[in-house]
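Student: The structure's right below; bear with me while I get my questions together.
The values are calculated or read from the model by the stated rules, or taken from the named source; none is laboratory data. These numbers come from a predicted model, not from an experiment. Cβ coordinates were reconstructed from backbone atoms using ideal geometry, including for glycine residues, and neighbour counts include every protein chain displayed.
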Amino acid sequence: MKKLASVFIAILVFGCNNPQIIKTEAQEFIDAYTEQYLKYYEESSNAEWEANTEIIPGDTTNDVIARRASEAMAKYTGSVEVITKAKNYLKHKEILDPIQIKQLEGILYRAANNPQTVPDIVKKRIAAETEQNSKLFGYQFMLMGDSVSPNKLDNLLGSSNNLEERLAAWEASKEVGKELKDGLENLRKLRNATVRDLDYPDYFSYQVSDYNLSTADMMSTMDQLIQDVWPLYRELHTYARYELAKKYGVNEVPDMLPAHWLPNRWGQDWSAMVEVEGLDLDAALKDKNPEWIVKTGEEFYKSLGFPSLPKSFYEKSSLYPFPDDSVVKKNTHASAWHMDLQNDVRSLMSVEPNASWWETVHHELGHVYYFMAYSNDKVPPLLREGANRAYHEAVGSLIGLASMQAPYLKGRGLIDKNAEADKIAILLKEALNYVVFIPFSAGTMSNFEKQLYADGLPKNEFNSVWWNLVKKYQGIVPPNARGEEYCDAATKTHINNDAAQYYDYALSYVLLFQMHNHISTKILNQDPTATDYFGSKETGEFLNGILEKGATEDWNKVLKESTGEEINAKAMLNYFAPLMEWLKKENQGRNYTLPESI
């Protein structure tokens, strides 16, 4: 009987021209796939959670469990049967509903990362990814003979005025790259081999295709973003060189910024350079406990009309840092997790009472509330994700920006209500975050990974090419010679375990300013540089209108309908226009060392 049924289904899939029967059969396939996918997804999520929150050097138990769960997921999602059926149903796009087409395309996209036409390669890739992650986050950083946490290194780079101390911390942060170079080369080989079996030329092209763009189109978009912000970035770079030279007592201003002068390990955020008088959030938070920061972040979303976080969020999340000397380690890169594509939402953080984690908490909860919003009956589980990957980051970063603006901080009692903070100083601090990030994300990171996966970058050029890109796009140079024994690119977590998609973040910053401009000017009627979203139900309704759709609609359509615009950097540039004029005056007589255009 089962055999006859299979034959009947085969006839329908491959030969039947009855539209209603094809639609029905396609839906039955989608439903059956979804049921199994949710099972494997949850099992894999839980295994990955344990592997990221309980890393014991030398103990591979959790890694083995995570690898096996990922292998089971891969075996199902990339099965020949799944690929064949999805491809054949997609031959009937003119018959299927748009929501069916989107789900089938998603099924095929997932299959391309795990095709069981090359099961041995997929299995090796999963094992290599698990091992690389464990090496990165199980690594014991050492500073002056003492074990230190990544948070300690970051805090030191954000605050120390001693160049020798800064150099030691910066160098210590890069040592882990030596342990990751071979693994990165192996991952490049395996990732490319995996997706090529479903006709993608390389892993970078595969990831870019999620936007319905080619690699050339995506890189052209990245180039345009850099061109748009370059005049402002050039002013910021000049300002930073002179101000940091003064801060560190260096008489000769360097042409390029030494990497260890900057308050971030990768030079992606320089905002700690600026302290805004009357807006010292670090001082305001130093006596708060980390739980208070998380709860206050939740209150922000609730004030907009979003629900409370589920009780399980606090029970199951890993929100606070382990002691520096803890034998057990965890992934220290903040992240949000949708464990079952339904109600189990969590966050992995290492929250401490400072301004950086204040912003990060608001950002990560943006992801969590996105999960919760699109986990509704109108969004099939297979489409419970952002309108595109950049949307998820845009929402998080949007709330991160809003959480740092003076009116909101005054309303929360964190700064004096009568304090009159310097508006230019605030804009400068923000630009040293948001604008500085674009050349790093759209330039350095995206070009390195494009060269790595699409252009076959030789292993013996990993470090030299990385630093050439850092110099070209960021105007930053290493403090000393960095030979090919190092792999400084791999010290950035995304190179290893969130590969070939860092352009997501560049796009997200453009999107966030477009959304922020709409909220501030059309809903709140407030100056975009000084807003307070807190308590605005209309703002919550606007955001929820985007979030609750998940990936059911084209991302361009979602943006156009919500803001009336197509994607562009105009809102970001308008936001910082007063700062641009101030910087031009401040930099008069100073030597510009970056080219006028790139």
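Student: Restricting attention to the stretch 222-250, report how many residues are of a type in the set (S, T, Y) and buried (at least 20 other Cβ atoms within 10 Å of the Cβ).
Tutor: Of the residues in that region, 3 qualify.
Student: To continue, here is another question. Can you tell me which residue is farthest from A506 (Cα to Cα) among those in the stretch 445-477 that are outside any loop (DSSP other than H, G, I, E, B) and among the acidic types (D, E)?
Tutor: This residue is E461.
Student: Picking from K549, K585, K537, K522, which residue would you name as being modelled with pLDDT of 95 or more, in contact with a Gly (Cβ under 6 Å, 6 or more places away or on another chain) and over 21 Å from F437 (Cβ atoms)?
Tutor: None of the other options fit; the residue is K537.
Student: Any residue that is of a type outside the set (V, I, T), modelled with pLDDT under 90 and out of contact with any helix residue (DSSP H, G or I) (no Cβ under 9 Å at 6 or more places or on another chain) - is there at least one of those in the stretch 41-58?
Tutor: Yes, some residue in the stretch 41-58 is of a type outside the set (V, I, T), modelled with pLDDT under 90 and out of contact with any helix residue (DSSP H, G or I) (no Cβ under 9 Å at 6 or more places or on another chain).
Student: Test of understanding: among N376, N433, which residue is in a helix (DSSP H, G or I) and of a type in the set (S, T, N, Q)?
Tutor: Just a single option satisfies the conditions, and that option is N433.
Student: Counting only residues that are touching a Leu at 6+ places or on another chain (Cβ under 7 Å) and among the hydrophobic types (A, V, I, L, M, F, W, C), which one in the stretch 84-100 is surrounded by the fewest Cβ atoms within 10 Å (Cβ to Cβ)?
Tutor: Once the filter is applied, the top-ranked residue is L90.
Student: Could you tell me whether the stretch 572-592 includes any residue that is farther than 24 Å from L427 by Cα, among the hydroxyl-bearing types (S, T, Y) and outside any loop (DSSP other than H, G, I, E, B)?
Tutor: no
Student: Within the stretch 478-516, count every residue that is over 27 Å from R188 (Cα atoms) and either in contact with an Asp or Glu (Cβ under 9 Å, 6 or more places away or on another chain) or not in a helix (DSSP H, G or I) (or both).
Tutor: 7
Student: Would you mind listing the helices (runs of 4 or more DSSP H) fully within the stretch 229-348 where at least 1 residues are at pLDDT 95 or above and under 24 Å from the mean Cα position of the chain (by Cα)?
Tutor: Where helices (runs of 4 or more DSSP H) fall fully within the stretch 229-348 and carry at least 1 residues being at pLDDT 95 or above and under 24 Å from the mean Cα position of the chain (by Cα), they are 290-303, 311-316.
Student: Just checking, which of T194, T117, T130 is farther than 24 Å from G267 by Cβ, surrounded by fewer than 20 Cβ atoms within 10 Å (Cβ to Cβ), touching a residue at least 60 places away in the same chain (Cβ under 8 Å) and of a type in the set (V, I, T)?
Tutor: So the residue among T194, T117, T130 that is farther than 24 Å from G267 by Cβ, surrounded by fewer than 20 Cβ atoms within 10 Å (Cβ to Cβ), touching a residue at least 60 places away in the same chain (Cβ under 8 Å) and of a type in the set (V, I, T) is T117.
Student: Further question: If you take the residues of the stretch 295-313 that are without any contact (Cβ under 8 Å) to a residue 12 or more places away in the chain and of a type outside the set (K, R), which of them is surrounded by the fewest Cβ atoms within 10 Å (Cβ to Cβ)?
Tutor: S308
Student: Looking at the stretch 545-566, which of its residues are crowded, with 19+ Cβ neighbours inside 10 Å and assigned to a helix (DSSP H, G or I)?
Tutor: Within the stretch 545-566, I546, L547, W555, V558, L559, T563 meet the criteria.
Student: Under 7 Å between Cβ atoms, which residue pairs at least 6 apart in sequence (or on different chains) link something in the stretch 415-429 that is at pLDDT 90 or above and among the charged types (D, E, K, R) with a partner that is buried (at least 20 other Cβ atoms within 10 Å of the Cβ) and not in a loop (DSSP other than H, G, I, E, B)?
Tutor: From residues that are at pLDDT 90 or above and among the charged types (D, E, K, R), the pairs are K429/S271.
Student: For the stretch 263-287, enumerate the residues that are touching an Asp or Glu at 6+ places or on another chain (Cβ under 9 Å), surrounded by 20 or more Cβ atoms within 10 Å (Cβ to Cβ) and small (G, A, S).
Tutor: S271
Student: With respect to S173, determine if the residue is touching a Lys or Arg at 6+ places or on another chain (Cβ under 6 Å), assigned to a helix (DSSP H, G or I) and farther than 16 Å from Y453 by Cα.
Tutor: yes
Student: Taking the criterion of being touching a residue at least 40 places away in the same chain (Cβ under 8 Å), within 17 Å of Y206 (Cα to Cα) and outside any helix (DSSP H, G or I), would at least one residue in the stretch 73-80 satisfy it?
Tutor: yes
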